[in-house]
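The values are calculated or read from the model by the stated rules, or taken from the named source; none is laboratory data. What you are looking at is a predicted structure, and each value in this text was computed from that prediction instead of being measured. Please note: Cβ atoms are built from the backbone with ideal geometry, for glycine as well, and neighbour counts cover all protein chains shown.
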Amino acid sequence: MREGEPAEDDVAEPGGEIQDPILKTIAAGPNAEPPREELLKRDYKPGQEADTGSAAAGRTTLEEATRRGPLGWLQLLGPGLITGASDDDPSGIGTYAQVGSQFGYSVLWTAIFTFPFMSAVQELCARIALHTGVGLGTALRRKFPTWLVGACIAALFVANTINAGADLGAVAAGGSLLTKGALHQLWLVVPVAALVLGLQLYVTYTVIFKIFKWLTIVLFAYVITGVLVHPDVRQVLLASVIPHVELSKDFIAALVAIFGTTISPYLFFWQASSEVNEMRAAGQLSEAERRGVSISELKAARTDIVIGMLFSNLVMYFIILTSAAVLHAHGKTGIQSADQAAQALAPLAGQWAFVLFAVGIIGTGLLAIPILTGSAAYAVKEFFGLKGDLSDKPTYRPTFYAIMAISTIAAICLNLLRIDPIRALFITAVINGLVAPPLLVLIVLLGSDRQIMKERTSGPISRSLTWITTGVMAVAAVALLVTLLVP
């Protein structure tokens, strides 16, 4: 926080001037801040559940989790697990399937290589939020020049919207696949978008998560298939631990796409906002109440994040392995449609492979799209110092929800370009890979600022991992731009 700048409490004084910019400019609607219980959606229960879908609000410590047994460990899992699950969105599935079919086992090493880096980055984002008590957008705005942070937030908003558009198209393609083409993909885009936006407007993300989380279990079909096809174990092990790099435009683009969809910018903001929401749900409504994090709380957050990232990368590994064993090994190296991508699951499901693939795409998409548009809204509202949260009623925070609606409508329009959704998913991963490096530079510098983070500044391991992550992604992005610009 800059010297002399007041803390920004999330809840305005009841009866005071309404805080939302849209409501301030129109005559109709409430003109005064409501009491806390009136502001919240009906399905939101302070002190019990947070917006991020975790079992309980507040942070369960490792000691408590151990004492309570399996139930305690389940309660320990929260924002980190949700973030990890959302990382395997349709963009991730499409990208991993494409690179697996195109390059075979040679890119398996990226799943192991990226694990410590994405864990370190997400831990840093969580630590910043837990210590400062505010989201990443607010924390960055207070430290760096407004124009610089604004440019990064704008790039994030564009990247998230394009990603949401691709995921929206993929969910629609999955629905079309289930009907064997009876319903055209474009016919389903608007209904799917309306469903997602409706859920964001009228329920919290806790409910969205509960509705769709079981559909993502289908992703484990890739793990089962990877075992059933009996890949060459020696070849798989070597490809997993020995990096293979080709100095070609296609391979560099594949690396940037893998890094971009695995270490995605929207995850940075969602992780931080989720941690803040957890604290708000536990009753820490003001920024002052949320500042500072204990060692036990930090250890619990790190455990949650490592487990979430491990889950994400396990799924990533087997999607690449399965696509390599089933598609690449049989000469199918250019996936361009949902039908072709579904063939990777044929050894497990046979003629019903398209059902497994479609359900997985639909489940992950319906989880990821609200996170994409939601994290964009959180980033923008934090940058401008606005109020709004997924637990708040749109009646009192229309500006926050309008940002999500704009992103959703733009995502719908992108689908009118008729780009194949599987190809679009790969393109969005590349865009994320280009947007991530400059954002990472700011985040790493923020985490190392002793004036802001005090005793919770990044240690040698965290600084090393996050700077290496930033460097690797920057080199890959520059290499891609060079291959595109130089004949």
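For segment 322-387, the helices (runs of 4 or more DSSP H) that sit wholly inside it and include 1 or more residues that are under 21 Å from Ile409 (Cα atoms) are 353-383.
Checked against the criterion of being touching a Leu at 6+ places or on another chain (Cβ under 7 Å) and without any contact (Cβ under 8 Å) to a residue 60 or more places away in the chain, segment 425-438 contains not a single residue that satisfies it.
Within the option set Ala272, Ala253, Ala257, being assigned to a helix (DSSP H, G or I) and either without any contact (Cβ under 8 Å) to a residue 60 or more places away in the chain or under 14 Å from Asp87 (Cβ atoms) (or both) holds for one residue only, Ala257.
Note on segment 174-188: among residues that are surrounded by fewer than 24 Cβ atoms within 10 Å (Cβ to Cβ) and in a helix (DSSP H, G or I), the one that is modelled with the lowest pLDDT is Gln185. Just to be sure, is Leu136 in contact (Cβ under 8 Å) with a residue 24 or more places away in the chain and either touching a His at 6+ places or on another chain (Cβ under 7 Å) or more than 30 Å from Ser323 (Cα to Cα) (or both)? So Leu136 fits the description; yes.
Each residue in segment 89-145 was checked for being within 30 Å of Arg280 (Cβ to Cβ) and not in a helix (DSSP H, G or I), and 6 of them qualify.
Could you tell me whether any residue of segment 290-297 is touching a residue at least 60 places away in the same chain (Cβ under 8 Å) and of a type in the set (A, V, I, L, M, F, W, C)? Yes, segment 290-297 contains at least one residue that is touching a residue at least 60 places away in the same chain (Cβ under 8 Å) and of a type in the set (A, V, I, L, M, F, W, C). Kindly indicate whether Leu285 is among the aliphatic types (A, V, I, L, M) and part of a helix (DSSP H, G or I). Answer is no for this residue. Only residues that are without any contact (Cβ under 8 Å) to a residue 12 or more places away in the chain and closer than 26 Å to Glu275 by Cα: list them for segment 161-210, please. Correct list: Gly198 only. The selection criterion, being assigned to a helix (DSSP H, G or I) and surrounded by fewer than 24 Cβ atoms within 10 Å (Cβ to Cβ), does not hold for Val171. Among the numbered conditions (1) under 26 Å from Leu81 (Cα atoms); (2) surrounded by fewer than 24 Cβ atoms within 10 Å (Cβ to Cβ); (3) of a type in the set (Ser, Thr, Tyr), the only one that Thr333 does not meet is (1). Close Cβ contacts (under 7 Å, 6 or more residues apart or on different chains) running from residues in segment 400-417 that are assigned to a helix (DSSP H, G or I) to residues that are surrounded by fewer than 17 Cβ atoms within 10 Å (Cβ to Cβ) and among the hydrophobic types (A, V, I, L, M, F, W, C) comprise Tyr401/Leu201; Ala402/Ile22; Ile412/Val190; Asn415/Leu186.
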